[in-house]
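Step one of this worksheet: look at the structure below.
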Amino acid sequence: VQQRLKRPGAWWRLEQAEAMLALRLNRVNGHWENYWQDLIKQAA
């Protein structure tokens, strides 16, 4: 997570940093596909 959030010149609002963290954690924990499927269902 730090690699993504601490890039030179990068700055983040709290909401954006939390969203990025959620995506990274879903990917690392093996929930990537389920996350996107749930998001598509919610949008429908």
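Any read-out appearing in this document is the output of simple, stated calculations on the displayed coordinates, not a laboratory observation. Note that the coordinates shown come from a computational prediction; the quantities given were computed from them, not determined experimentally. Note: ideal-geometry Cβ built from the backbone for every residue, glycine included; neighbour counts use all protein chains shown.
Helix 32-43 and the long axis of the chain differ in direction by around 70°, with both axes built from C-alpha atoms. Take the Cα of R27, step 7 Å toward its Cβ, do the same at E15, and the gap between the two points is 2.3 nm. Shown here for the chain: chymotrypsin sites (Phe, Trp or Tyr not before Pro) in loop regions (DSSP other than H, G, I, E, B) with at most 10 other Cβ atoms within 10 Å, namely W11. Between Q37 and Q3, the contour length at 0.36 nm per residue exceeds the alpha carbon distance by 9.6 nm. Calculated [222 nm] ellipticity per residue, helices only, for the chain: -21000 deg cm²/dmol; basis is -39500 (n - 2.57) per DSSP H run with n ≥ 4, divided by all residues, nearest 500.
Among A19, A44, G9, whose Cα sits farthest toward the positive end of the charge dipole of the chain (+1 at Cβ of Lys/Arg, -1 at Cβ of Asp/Glu, about the Cα centre)? The Cα lying farthest towards the positive end belongs to G9.
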